[in-house]
Structure formats: structure tokens, C-alpha cells
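Written below as C-alpha cells is the structure these notes are about.
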Amino acid sequence: MRFLLLPFSWLYGLVTDFRNYCYDNQFFSVSTFEKPVINIGNLTVGGTGKSPHVEYLIRLLKKDFNIFTLSRGYGRKTKGFIVADENATAETIGDEPMQFYNKFKNEVKIAVGEKRAEALNTIFSNFLATDLVILDDAFQHRAVKPSLNILLMDFHRPIDKDFTFPAGRLRERRRGAERADILIVSKCPDDLSETEQQQIANKITPYLSAETPIFFTGIRYGEPQAMSQNSNKDFAETILLVSGIARPEPFETYCQQYFNVTQHLIYKDHHHFTEQDFRFILDTFDKIPATKKSILMTEKDMVKFQIFLENEKLKEIPMFYLPIEIYFLNESEQLFNELVLKNCKPSKSKA
């Protein structure tokens, strides 16, 4: 099938090449900003771990800078520029921005806007205390030139072995990676040796600009957390898994290592869970014969279930989510932090 689709991939690649050529040669306008704009994106469609990397940057910078995060708000049912507030839901701003808001609402501002250049102008014009903006998934949004471009590449889907859509999962040709100021190979196994890391680096270096640093990160899961603060149920290790993410396999593999997974209900990435979905999940859960059991899902999916958790009866249902965060291999975290901070200006209000 891939062989049959290759001609369409070449055509798609030509279209993206022409688009990039127009931006590179200023036939299309590109916006730049006096204040730092840090972008985290990828060449591949979905599943490279952008959200936990955005959260890492927030934790790194929030003490010293007044931060906005700006996402497209993929999958939301609204349009235009929106700053998240107490009325925000996954339907109004998208699941990933809602996840950021739940964690950092008292420390940073979360916004969505499909037209990034316009949204950035609005932020810097109307929120004058803003020091920097973290752009979520805007590597192909060439209308904005970030001050720091961080590119993620999934360890399990290296760009040197992939093709442009539809034969592969690349949004543009591999050489688009040359726009990256930093490349991070994400979702690496814990035991990835330095020799193996060097082998990966040797394969992807031809697609990067000279001296572009390469880092390797892995995913670390936390302890299961109750989805409702009012829940009176303890976590039971016989579980029904539920996920609506781009690549559910690592999540399932991890849970199978540490819990008794009876079944995994898999939905598409950014899936909007309906009442019918919720009833089906509960019916499936009820059919599990164990006396003590739990429903476990990803943190990204958890935010889309908040609307159901308003029901008092659901306090009796043991629903949990599994938080994640990234970590750097080879003790390279300090070097990465220094490179990021080098591209940021101190805040007058937080200095």
C-alpha cells in the first residue's frame, strides 16, 4: 500500500516544498516579535509527546517569567482567540490546553487561537506583562518565526525512515528539520545506551542545520490519581484502560507491566467523549468480574471527562488517570535548560 501511495507523497512533498520556499524567500509574510516565542512542534502527525514537553518548559520558566501558552486548540468546538478562564472546558479550548490550564492556571495564562500571528499580536498588545509565549505544535505554522524552534522526533518513528503523507506520517519532507534550533528524540526507552543514541544522531544529522544539538528524553509515569477530588474510592490494580491519544501502545505496555489490564478501550486522538461513550465504558467496566477494580485513563483524556464527573453518583465509580512527565537521558537536562534560558529575557516583575 505504501508503494502505491508514494506518487501522492511526492506530490504532497512538492506542495510543502513550494510553501516553504515562499516563506523562506519572503513571498509570504512572516511575523517576528521582540519578546521570546518558543515553539515546540514536530514533523510527524501526532504522538511525539508535545504536551509533557510544553509542561516541562512551563515548570522551567514560570518562576522567572510571565508566560502565555498558545495552542491551536485542536478538536475544540469554538473558533478564534480565547484566553482560558474558570469557564473553560475541553470543548471550548481543546483537551491539551485544558490539561495545561488545570495544572498551571494560577501561574501562567493559557490561550488558543488558530491564527497564531494574530493571536501573538493580541497577547503582546493586550497583556503587556507577558515576557514570553510557548507555542504548542506550530513547527509548520511558517507565518510566525519563533525565537527558539524545538523539534520533537518520536524514538519509535524516526524521520529518516518515514515518508510524507499519505505514504507516511510526515507533514513535510525530512529536510524541514533544518529549521530546528534544538531536536529532541522523545519517548526513548530508559536503557537506551549512548552508543545507540549516537547511531540515531548520525542518521538524523544530515537533515539538520550544522551544530543543531540533539537531546534524548523519556516518559516517566506517576501514581494513579483520582479523577474527582471528592472520590471516596481507592485505586484497585485490576483495571479497564481507556485512551483517546495518537499512540496508545506505550500507555498500554506500561500499564500491563504494573497492573492487571482486563481490556483497553481505544478511541481516536482528541476524541470527544459523549454520554453514549460514557455509558458504554461503564457497562464494560461493570462486566469485569473482579470485586475491586478501577477505570484508568491518560491525563489528556481525563480533562474531557470532567463534565461527567459533576454527577454526584459518579463519586462511587473508581475513575483514575495516570500523569506523565519527561526526563532527560545522559544528565543533559542542565545543558538544555541553559540553551532555553539563553533565548529568554528576564522579567521585570519577576526578576
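The values are calculated or read from the model by the stated rules, or taken from the named source; none is laboratory data. Everything quoted here is computed from the prediction, not taken from an experiment. Cβ placement follows ideal geometry from the backbone for every residue including glycine, while neighbour counts extend to all protein chains displayed. SASA here: full protein model, heavy atoms, side chains in, ligands and nucleic acids out. Shrake-Rupley method; radii C 1.70, N 1.55, O 1.52, S 1.80 Å.
I'd like to know if the range 37-53 contains one or more residues that are more than 24 Å from Ser243 (Cβ to Cβ) and more than 19 Å from the chain's Cα centre (by Cα). Within the range 37-53, none of the residues are more than 24 Å from Ser243 (Cβ to Cβ) and more than 19 Å from the chain's Cα centre (by Cα). Taking the criterion of being in contact with a helix residue (DSSP H, G or I) (Cβ under 8 Å, 6 or more places away or on another chain) and closer than 19 Å to Arg72 by Cα, the residues of the range 141-169 that qualify are His141, Arg142, Ala143, Val144, Leu148, Asn149, Ile150, Leu151, Leu152. The residue that is most open to solvent (accessible area, probe 1.4 Å), among those in the range 155-175 that are at pLDDT below 95 and acidic (Asp, Glu), is Asp160. Within the range 180-197, the set of residues being open to solvent by less than 50 Å² (accessible area, probe 1.4 Å) and either aliphatic (A, V, I, L, M) or under 15 Å from Gly41 (Cα atoms) (or both) comprises Ala180, Ile182, Leu183, Ile184, Val185, Ser186, Lys187, Leu192. Among the residues of this structure, Ile200 counts as one that is without any contact (Cβ under 8 Å) to a residue 60 or more places away in the chain and buried (at least 18 other Cβ atoms within 10 Å of the Cβ).
Among strands (runs of 3 or more DSSP E) entirely within the range 186-278, having at least 3 residues that are at pLDDT 95 or above and within 30 Å of Leu335 (Cβ to Cβ) singles out 214-221. You will find that of Lys348, Lys315, Lys304, the residue that is more than 30 Å from Ile214 (Cβ to Cβ), open to solvent by 50 Å² or more (accessible area, probe 1.4 Å), at pLDDT below 90 and part of a helix (DSSP H, G or I) is Lys315 and no other. Of all residues in the range 88-120, those being open to solvent by less than 20 Å² (accessible area, probe 1.4 Å) and among the charged types (D, E, K, R) number 2.
Per this entry, Tyr327 is counted among residues that are open to solvent by less than 50 Å² (accessible area, probe 1.4 Å) and modelled with pLDDT of 95 or more.
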